[in-house]
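Peer 1: Just passing along the structure, written as structure tokens.
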There are 2 protein chains.
Amino acid sequence: MVSEQPSAVEADPRFTRSRRAIADTLADLMERTQSCPSVSALAEAAGIHRATFYNHFDSVEEAAVYVIADDFRALHDLNIRDRRMGADPTAVAVATLNAMLDSLRQRKSLFLLASTWRSSSGLMGIGDLLLEQLHALRRDLGVDEQESGANNSVEDVYTASGVHGVFSAAVGGNTDCDPGEIAVRLYELLPQWIRQPPESSTH
Amino acid sequence: MVSEQPSAVEADPRFTRSRRAIADTLADLMERTQSCPSVSALAEAAGIHRATFYNHFDSVEEAAVYVIADDFRALHDLNIRDRRMGADPTAVAVATLNAMLDSLRQRKSLFLLASTWRSSSGLMGIGDLLLEQLHALRRDLGVDEQESGANNSVEDVYTASGVHGVFSAAVGGNTDCDPGEIAVRLYELLPQWIRQPPESSTH
């Protein structure tokens with residue numbers, strides 16, 4: 001589970017530093033070599049002990065998901081900031097989806113590596129991460145669970161997995177769709193509560 | 001690609017027989033051992049040469065997808081037959097989704113194995129298979145691509161991936177949802193063209 005809530009251990013600056021080192025080193029190695037390093041090679045390049053790696057992640061695949069989670073969290077924060085500053089919600093949402101797609105295209109081999117990770121929720125790759133992003137969006141837009149469905153409901157899993165599939169086809173395979181159109185068409189498929197959140201969302 | 005259209009080679013009865021033997025043997029082995037056999041062990045148990053295996057599949061994972069594809073095709077045919085006999089389309093669709101879920105639950109370790117396969121379209125596991133099922137549904141219900149979106153469109157990839165994710169969470173992980181309700185709630189999320197196909201569908 002790539003959690004957003006830091007525990008006491010995770011708030012320790014050394015913990016944060018070694019996690020950061022693993023993530024940055026993995027992103028860098030994958031960009032340069034396009035192939036998955038062993039845990040030993042990754043730990044050595046990051047300047048940490050192999051055992052330290054396992055304090056953070058169970059596998060290199062899980063670390064790859066973490067790198068993408070970091071990118072997506074930054075994009076989520078920009079999304080919320082722009083919405084609160086009064087930008088057009090549709091334009092912001094489409095721009096966010098495009099930025100997510102761009103970041104995955106730039107990290108293609110890392111994204112393919114992350115796709116083989118199975119989380120405890122049973123989803124593969126970044127499915128769980130997208131589920132967490134939905135929860136963060138619901139919270140930050142002030143959307144009631146009664147209206148939008150509870151966390152981890154069938155509705156949320158469907159949405160997160162649908163977005164994940166479109167990202168996978170767009171980055172690692174093919175769709176019959178103009179790449180520039182993907183975000184717009186994906187946005188149209190999202191549930192109503194994302195496309196028209198209540199007024200309170202712009203507080 | 002687990003194709004539905006047999007080529008000239010695939011129509012050869014020996015080809016069909018060895019493919020059948022691989023699929024049945026894999027299903028049987030996974031049920032008994034809950035672990036993935038090597039290609040050599042699978043070929044030996046199926047009574048074929050190792051090289052013959054590779055005439056059919058690139059990997060054991062791909063063969064696992066084929067086993068599930070076979071189950072799903074039979075369910076699709078029942079679905080279409082029941083619709084044509086005038087059964088209530090909603091009841092038929094929910095029953096089909098429940099039957100798909102049941103067959104995956106019964107083949108859980110095979111399904112988890114299949115989940116790690118990546119197709120050429122960039123989707124993992126049975127994502128591609130569900131995409132083919134959507135195409136077959138569109139064809140057999142006589143739905144116009146103009147209304148429903150073209151094959152492999154963003155819309156189809158989203159739907160297939162959404163269904164895949166819900167199946168994965170329901171079988172291999174968790175949702176916050178009563179298992180008996182999953183098919184009903186999943187059905188509600190499907191695109192309009194599946195839920196209300198044109199009248200011509202019951203010809």
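Quick note: the coordinates plus some simple rules give every number you see, no bench work behind them. Bear in mind the structure is a predicted one, so any value in this text is a computation, not a measurement. Don't worry about glycine lacking a Cβ; one is built from the backbone with ideal geometry, like all the others, and counts go over all protein chains shown.
Peer 1: What average number of partner chain Cβ atoms lie no more than 10 Å from the Cβ of the residues making up A:128-135?
Peer 2: Other-chain Cβ atoms within 10 Å of each residue's Cβ, averaged: 1.
Peer 1: For chain B, what is the convex hull volume of the alpha-carbon atoms per residue, in Å³?
Peer 2: Expressed per residue, the convex hull around the Cα atoms of chain B is 126 Å³.
Peer 1: Summing -39500 (n - 2.57) over the DSSP H runs of n ≥ 4 in chain B and dividing by its residue number, what mean residue ellipticity at 222 nm do you reach, to the nearest 500 deg cm²/dmol?
Peer 2: -21000 deg cm²/dmol
Peer 1: Okay, moving on. Using alpha carbons only, how many degrees (0 to 90, rounded to 10) separate the axis of helix A:89-106 from the longest principal axis of chain A?
Peer 2: Approximately 20 degrees, to the nearest 10.
Peer 1: Now, a different point. So for the pair B:ALA41, B:HIS135, with labels modelled 7 Å out along Cα→Cβ, what separation do we get in nm?
Peer 2: 3.4
Peer 1: On to the next question. With everything on Cα atoms, drop me the angle between helix B:13-33 and the longest principal axis of chain B, reported from 0 to 90° to the nearest 10.
Peer 2: The angle comes out near 90 degrees.
Peer 1: Per residue, how much space in cubic angstrom lies within the convex hull of the C-alpha atoms of region A:17-122? All intermediate terms of the calculation are to be shown ahead of the outcome.
Peer 2: Working: hull volume 12.1 nm³, N = 106.
Looking at region A:17-122, the number lands at 114 Å³ per residue.
Peer 1: Enter the mean number of other protein chain beta carbons within 10 Å of the beta carbon of each residue in A:38-50, as an integer.
Peer 2: The per-residue average across the peptide is 0.
Peer 1: Please work out the ratio of the alpha-carbon Rg of the protein assembly as shown to 2.2 N^0.38 Å and round it to two decimals.
Peer 2: Normalised by 2.2 N^0.38 Å, the Cα Rg of the protein assembly as shown equals 1.03.
Peer 1: Between B:ASP28 and B:ARG84, what's the calculated FRET efficiency when r is the beta-carbon distance and R0 is 25 Å? Round to 0.05.
Peer 2: 0.15
Peer 1: Shifting gears a bit: Choose one answer from B:SER153, B:SER115, B:SER168: the residue with the largest mean-square fluctuation in a GNM of chain B with alpha-carbon springs under 10 Å.
Peer 2: In the Gaussian network model the winner is B:SER153.
Peer 1: Related question: Net charge near A:THR90: determine it from the other residues with C-beta under 11 Å of the C-beta of A:THR90, scoring Lys and Arg +1 and Asp and Glu -1. All intermediate terms of the calculation are to be shown ahead of the outcome.
Peer 2: On the way: positive: A:ARG83, A:ARG195; negative: A:ASP88, A:GLU188.
Charge balance in the 11 Å sphere: 0.
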